[in-house]
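For reference, the structure discussed in these notes is given below.
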Amino acid sequence: MTDLNTLESDVLAQVAGAADLSALDAVRVAAVGKTGSISGLLKTLGAMSPDERKERGAAINALRDRVQSAITEKKASLEAAELDARLARETLDLTLPGPYRRKGSVHPTMQVMDEMVSIFADMGFAVAEGPDIEDDFHNFTALNFPEKHPAREMHDTFFFEPKETGERMLLRTHTSPVQVRTMVSQKPPIRIIAPGRTYRCDSDATHTPMFHQVEGLVIDKGIHMGHLKWTLETFIARFFETDAVTTQFRPHHFPFTEPSAEMDVQCDRSGGEIKIGQGSSWLEILGCGMVHPNVLRACGIDPDEYQGFAFGMGVDRLGMLKYGMPDLRDMFASDSRWLAHYGFSGFAAPNPASGLS
Ligand code: PHE
């Protein structure tokens, strides 16, 4: 009959000597696994007399429990040792500088807005502002959008839940409500631009749900389309820092201007990038026109005494054109690689003295 003491000291010696978790597991299987030495002893109990079985069974079970707990203990210590070794091997010095430290930069949209403000300021325009959350009156009604007119829907407006009064606030779909706010609060002559965020439920390579516009408004006596055309062409030439930009006016409709036009810039889209001043494509960059008499009246200005022109242009689109970005959506994706590539130095603030870009 197997000597239990010898077996126990043998197995315990093997447990103690196991160098790693897989060696320990092999010892476990050989001793207490299904066909292991200790499990084998239990199978011999069947052939014994009841008294013998009672005594021997208790002894074998006790042996198995001791071996089992020795294995558990050893396993815990091997695991701890393994973790210590791994921690030592994978030491990280968190105080070391990273391999890539990105400096912040000025977003192209902000740079382009500053460029625009700089050019228009030089042409005698003041900067006006209005809220992003607008009411129906300023965004539509005062701008001569008839009640229930489909043009209100054309703007893909983001509406808020109606208030108790039934009034629905909205995210402004254009910067034109700033025209209204300015005409209501200032007496002509007026010459302002209004840069800011605008919102429409739209997304593709040349549309994002949030985008930026610069609105322009001039109100004075004797203002006509010629002033509008000169202002925009002068702006475009200065903005692109060249005379080679070709533009075209297309007749269009806006409820708040009459006549109305859209202006496109000639560009080339063939190489996956947009290049201006060449090519056979046109990119629409702004809407414009002579301020509608109804809008002047809604703002308390006599259309027989004063006339004016207005324009609204897409800042992000002009940035795409000037700096060769193929997709408008990348502008607001917050990809640090894109920002590192297209961002501007904080020291490169555009101004008429040192130039734009
Ligand atoms: N508000 C118009 C738009 O967003 C642009 C525009 C502004 C057109 C001023 C004419 C005059 O589409």
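Numerical summary
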quantity	calculated
1.4 Å probe accessible area per residue over the chain, in Å²	54 Å²
For the stretch 219-357, the fraction of alpha-carbon pairs in successive 10 Å shells from zero, as %	11, 33, 31, 19, 6, 0
Positive-end residue of Gln68, Met123, His224, charge dipole of the chain with Cβ unit charges	Gln68
Gyration tensor (Cα) of the stretch 225-296, equivalent ellipsoid semi-axes in angstrom	26, 14, 8
Residue among Leu21, Leu42, Ala81 farthest towards the positive dipole end of the stretch 4-89, charges placed on Cβ	Leu42
Spherically averaged projected area in nm², based on the convex hull that wraps the Cα atoms of the stretch 108-227	9.2 nm²
Mean-position separation - Cα centroids, the stretch 189-212 and the stretch 232-279, in angstrom	17 Å
Helix-derived mean residue ellipticity, 222 nm - over the chain, DSSP H n ≥ 4, -39500 (n - 2.57), to 500	-12500 deg cm²/dmol
Nearby aspartates and glutamates by direct alpha-carbon distance to Lys74 (threshold 20 angstrom, same-chain neighbours under 8 apart not counted)	Glu8, Asp10, Asp20, Asp25, Asp65, Glu82, Asp84
Estimated dipole of the stretch 108-342 in Debye, rounded to 20 [Cβ of Lys and Arg +1, of Asp and Glu -1, Cα centre]	200 debye
Net +/- balance of residues flanking Asp220 in space, Cβ distance below 12 Å, scoring K and R +1, D and E -1	+2
Residue among Val178, Val295, Val27 with the largest mean-square fluctuation in a Gaussian network model of the chain, springs linking Cα atoms under 10 Å	Val27
Of Tyr323, Pro188, Gly33, farthest towards positive along the dipole that unit charges on Lys, Arg, Asp, Glu beta carbons give the chain	Gly33
Whole-number D in µm² s⁻¹ for the stretch 108-342, Kirkwood Cα-pair radius fed into Stokes-Einstein, 4 °C, 1.567 mPa s	70 µm²/s
Principal-axis tilt of helix 21-32 within the chain, Cα atoms, nearest 10 degrees	40 degrees
Among the listed pairs Lys43/Lys75; Lys229/Lys322; Lys34/Lys54, those beyond 25 Å (Cα-Cα)	Lys43/Lys75
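The values are calculated or read from the model by the stated rules, or taken from the named source; none is laboratory data. Quick caveat, the model's predicted, so the values are computed rather than measured. Because the Cβ atoms are built from the backbone with ideal geometry, glycine has one as well, and the counts that use them run over all protein chains shown. The accessibility values were calculated without ligands, DNA or RNA, using every heavy atom of the protein model including side chains. Shrake-Rupley method; radii C 1.70, N 1.55, O 1.52, S 1.80 Å.
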